[in-house]
Amino acid sequence: MIRASPLPWILLTLWAVWLYGFQAFFAAASWSAWVPDVGLVLMLSLAARLPNAEVPRVGVCVGLAGAAVSVDPAAAVLAAALGAVAIARGVRSVIEIKSPPVAGLLAFTASLGVQFWLARVHGARIALELGAAAPASGEFWTQAWPRALTTALVATFLGGVLAHLPGLTPLRRRRPWRVGASFP
């Protein structure tokens, strides 16, 4: 039995940290609502190409990377990532999610779901700490749809490229067939 190396998983986490860092850098601009969630795109593009059993590991790696650079609670970011890969894993069992239009639609809905989850967590923290009411849902939709749209566009046009970042090839490589019987 050949033991898999942890190096590709470490490199995936490192790539995700860098992508989230660049995302945070661009989000500091005045057009921050239009900055795509590139870590989510990386996660979904790998979820489409990896064996089904390894998809949750992708969620953990990208979720930990997102939690490392986010101001949101680490548990909420990790739960959002695991929820997104769970949805991708379920959708992938029904349809092929590698195709660009399906990848874009999945990224759009996953981005809205992640943003909704993090907005609910943020609202609950405000309510607990300050006793204030959570922000109105109308504000959420005006801020959420631009990011979801740009995330879908990035997934549609660059999702396959992100899955082929250097160091991630061992994750996508097909495992060789095991020999069932040997001949003398």
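For this structure, a couple of remarks:
- Top of Val121, Val60, Val161 by mean-square fluctuation, Gaussian network on the chain, Cα under 10 Å: Val161
- Extension gain for Val60-Leu105 works out to 14.0 nm (0.36 nm per residue, less the C-alpha to C-alpha distance).
- Loop-located chymotrypsin sites (Phe, Trp or Tyr not before Pro) in the range 1-86 (DSSP state other than H, G, I, E, B) with a sparse environment of at most 10 neighbouring Cβ atoms within 10 Å: Trp31.
- Computed helical MRE - 222 nm, the chain, DSSP H runs ≥ 4 contributing -39500 (n - 2.57), nearest 500: -23500 deg cm²/dmol
- Full extension of the segment from Leu14 to Ala27, taken as 0.36 nm per residue of separation minus the current Cα-Cα distance, would add 2.7 nm.
- Converting the Cα gyration tensor eigenvalues of the range 7-164 into ellipsoid dimensions via √(5λ) gives semi-axes, longest first, of 25, 17, 15 Å.
Rule-based calculations on the coordinates, nothing more; no lab input. Nothing here was measured: the structure is a model prediction, and the numbers come from that model. Quick reminder, even Gly has a Cβ in these numbers, built from the backbone with ideal geometry, and neighbours come from all protein chains shown.
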